[in-house]
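First the structure, in the form of structure tokens, and then the observations on it.
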Amino acid sequence: MTAFKLWRNTSVLGVFLWSLLVPNAFAFSDIQNHWAQECIKQLSERKLVTGYPDGSFRPQATVTRAEAAVLMLNAFPDAPIKRQQTFFKDVPSNHWAYRAISLAYQKGFFSGYPGGFFQPNQLIPRVQTIGVLAGAKNLSTASSPAETLRVYFSDAAQVPNYAKNAIASAAINSLVVNYPNIKQLQPNQSTTRGDMAALMCRALNIYAIAPEYIAGVEVQPMEMRPLPGQLDEVPTFNSNSPELVTTEGILLSTFPPTEKQVPQAHLNFAFEGRFNIFTHHIARAETPAQSRTLYQGIIIHNPTDKPVTIKVLQAASYLSNPEAPFIPLPDMQDNGDGRVYSGPGSRTMSDVLRGIRQNQFPEQLVIQPGETQLLENLPIPVIAPSSNGRSTLIRLSSDGKVYVANLAMNARPNGNGAYRAPTLAEWEQLLNTAGLAQKRDPVPTPLDPLTEPTVFSRVAGVSQGAQWQAQLTDRASAEVLTVPKPGQAFSYALGTLHLITLTTGQIQSAEMLVRYPDTAYFAHSNYGVEYNLTLPLHNPSDRMQTVTISLQTPLKDEGGNNRLLFLKPQVDQVFFRGTVRVRYTDDGGTPQTRYVHLVQRRGQRGEALVTLKMSPSERRRVQVDFIYPPDSTPPQVLTVKTAG
């Protein structure tokens, strides 16, 4: 018997262990001094683990494969079925965990042993537990698993060959918890209930494990501050779902549903005054038959009885291939001429930050009453086996109401064996007759109440906010930002979203004014939003101070105040690619404007964007601006540090 309960679908699975449960017993009698105490408590509060009738949790007790199967279904109840049911010779239909084991197999959490056995009573070693959780999380793989394991663990040679890929993936994704020695994986040691709880907390992003026990994690003491200011109210036509476009159809339409064959594909939202258009989509061809040129068409309609003039303020659009390929770049590189980029999002945001309007976009459109015009009609060519993507950001101003649609259509044959771009009439026909383009992204997890694991999904709708301006000062009424004391630092959170606020509690994600029901509830990551951050630095001391300002990409963490978590060794997962503009007066008194392209990986400390030697009582103003680029992952922070 077991003290773990399968809390969901118990009527289906037939796992009834009521006699072993401790109702509402969140304070177990034997975990007060256990290293995973807070994690066990939080799992219990979420009804993911239970204790014994005597009020204990028994964190040192070991876990069987059957018990682990139950826990995996508790932790990942919505995981999809991946394979057909099988029958294990040693798990009869009357076994207490029969249905749990069957489902855990179908969902791909567990496999059996040769001969058709599951071995439900076998104590599960740590290497299997970690591997099962890594598989459930679909973690990114390590490029050199054996080398990765040697870097992380002193006992890497003990990892069985079958598990090396999974354990290396778990290590680089900060899933592995080792106690008491962070360098000792102890892969073949039986998993204890405390171990299992700790690993579940990491897998479910429950920030309740002390970072000194998480493999590869380093702690930097840091005062964390929410970012002052807020998003403006400029609406953004925000088209990022589906990211991978596999069929023709409507990517996003704010037209009225009247007289449309698929009314639910139209959100009925009119733009007037300032508004932005952001799009980011990918086409892929895995076989020669899928090779094609997919066109992206943005059309604008004037529903009024007067001409409408739309001014195109800034605009840029790039393909990943050949215009802006993803290429390795240094972590920091001067980008004064705008020729440094990696990916279409990086290049597009850099152009718009500089105030560029590409020649392919008109300076203005004049749309007559009841008419429609094309704003963008650009290709995404793809030849198997490959992918290609396009990022677009356009800032506009309209003197009347307009509707906007972003559409996807394959190049049309022109009769002589060649292909051409779709015409306006063909775009309008598709708008009136088509449904939403496929393939749809995963449906987002409801954010109220918040649950883990959480699916944020991608954005398709109108988000509110195109710019975040902030004056970073000591307090709301202050005029200066006092630099930290020598050897200290503070950071402002950037790009925060639900569940990922770096303990600030601040959610910067733009709200959705309208959206498709199967897309994101908020514009997570604020792609295309410009951040303008002013730092009126002041050195009140009687000594010269060396002050640095840097952009950094710490780990997601809600587990402790006054700290940031970084990774060592560094991993390959790039979480930020983009250009930052820095304006300041240098130590010689000369005003400077620099454009710097940054590449930052998950958990990477950033190099200094600016280094200033500030005299006693000196004040110096620094301005940091960037447009949050697609293909990036929050959170980031802006850090001010004084050398010790």
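Computed from the coordinates by the stated procedures, all read-outs in this text should not be read as laboratory data. Not measured: the values here are computed from a predicted model. When we count neighbours, we look across all protein chains shown, and the Cβ atoms used for this are built from the backbone with ideal geometry, even at glycine.
Within a 10 angstrom radius of the beta carbon, how do Thr553, Thr639, Thr304, Thr192 rank from fewest other beta carbons to most?
So the ranking, lowest neighbour count to highest, is Thr304, Thr192, Thr639, Thr553.
Please list, in order along region 233-238, the HN-Hα scalar couplings obtained from phi with the Karplus expression 6.51 cos²θ - 1.76 cosθ + 1.60 (θ = phi - 60°), rounded to whole Hz, x for Gly and Pro.
9, 5, x, 10, 6, 10
Mind sorting Met200, Met544, Met409 by how few other Cβ atoms lie within 10 Å of their own Cβ, fewest first?
Met544, Met409, Met200
What is the sum of charges, Lys and Arg at +1 and Asp and Glu at -1, for the other residues whose Cβ falls under 12 Å from the Cβ of Phe361?
0
If each residue's Cβ is checked for other Cβ atoms within 10 Å, how do Thr129, Thr445 rank with the fewest at the top?
Going from sparsest to densest Cβ surroundings: Thr445, Thr129.
Please identify which residues in region 236-258 have an amide N closer than 16 Å to a label point set 7 Å out from the Cα of Asn268, following the Cα→Cβ vector.
Label zone hits: 253-258.
Straight distance only, please: which lysines reach the Cα of Lys311 with their own Cα at less than 28 Å, same-chain residues fewer than 8 apart left out?
Lys311 reaches Lys401.
5 Å is the cut-off here: which amide hydrogens, built 1.01 Å from N in the peptide plane, fall below it relative to His281, excluding neighbours closer than 5 in sequence?
Arg390
For region 467-642, give the magnitude of the charge dipole about the Cα centre (Cβ charges: +1 Lys/Arg, -1 Asp/Glu; no others), in debye to the nearest 20.
400 debye
What is the gain in length, in nm to one decimal, between Ser154 and Thr247 on full extension, counting 0.36 nm per residue of separation less the C-alpha to C-alpha distance?
28.5 nm
Beyond a 18 Å Cα-Cα separation, which of these cross-linked pairs lie in this structure: Lys82/Lys137; Lys183/Lys568; Lys439/Lys556; Lys47/Lys137?
Check vs 18 Å cut-off fails for Lys439/Lys556; Lys47/Lys137.
Quick query: amide H of Ala510 versus all other amide H atoms, modeled in the peptide plane; which residues come in under 5 Å with a sequence gap of 5 or more or a different chain?
HN-HN under 5 Å from Ala510: Ala523, Asn526.
Over region 242-433, one equal point on each Cα, no solvent: what is log10 I(q)/I(0) by the Debye formula at q = 0.10 Å⁻¹?
Values returned for q = 0.10 Å⁻¹ are -0.44.
How high is the relative contact order of region 467-642, given as a whole-number percent (alpha carbon pairs under 8 Å, six or more residues apart)?
It rounds to 34 percent for region 467-642.
Using a cut-off of under 11 Å, list every residue of region 531-564 whose amide N is near the label point 7 Å from the Cα of Asp587 along the Cα-to-beta-carbon line.
Hits in region 531-564 for Asp587 at 11 Å: 545-547.
Please turn the phi angles of region 544-560 into ³J(HN,Hα) values with the Karplus equation 6.51 cos²θ - 1.76 cosθ + 1.60 (θ = phi - 60°), one per residue in order, whole Hz, x for glycine and proline.
5, 10, 9, 10, 10, 10, 9, 9, 9, 10, x, 6, 5, 6, 10, x, x
With +1 on each Lys and Arg Cβ and -1 on each Asp and Glu Cβ, how big is the dipole of region 242-433 about its Cα centre, in debye rounded to the nearest 20?
80 debye
Could you please tell me the mean projected area of the C-alpha convex hull for region 511-640, averaged over all directions and given in square nanometres to one decimal?
10.5 nm²
Given q = 0.11, 0.15 Å⁻¹, what are the Debye log10 I(q)/I(0) values for region 10-215, with equal point scatterers placed on the Cα positions and solvent ignored?
-0.51, -0.96
For Glu607 and Glu426, FRET efficiency with R0 = 45 Å and r from the beta-carbon atoms, rounded to 0.05?
Once rounded, the FRET efficiency stands at 0.35.
What is the local net charge at Pro616, summed over the other residues whose Cβ is closer than 13 Å to its Cβ (Lys, Arg +1; Asp, Glu -1)?
Local net charge: +2.
Go through Ala324, Val308, Gly345 and say which Cα lies farthest out towards the positive end of the charge dipole of region 296-361; charges sit on Cβ, +1 for Lys and Arg, -1 for Asp and Glu.
Farthest towards the positive pole: Val308.
Name the residue from Thr590, Ser617, Ser29 whose Cα lies farthest towards the positive end of the charge dipole of the chain, charges +1 on Cβ of Lys and Arg and -1 on Cβ of Asp and Glu.
Ser29
Quick check: Cα centre of region 370-434 to Cα centre of region 457-525, how many Å?
Each part's Cα centre sits 33 Å from the other's.
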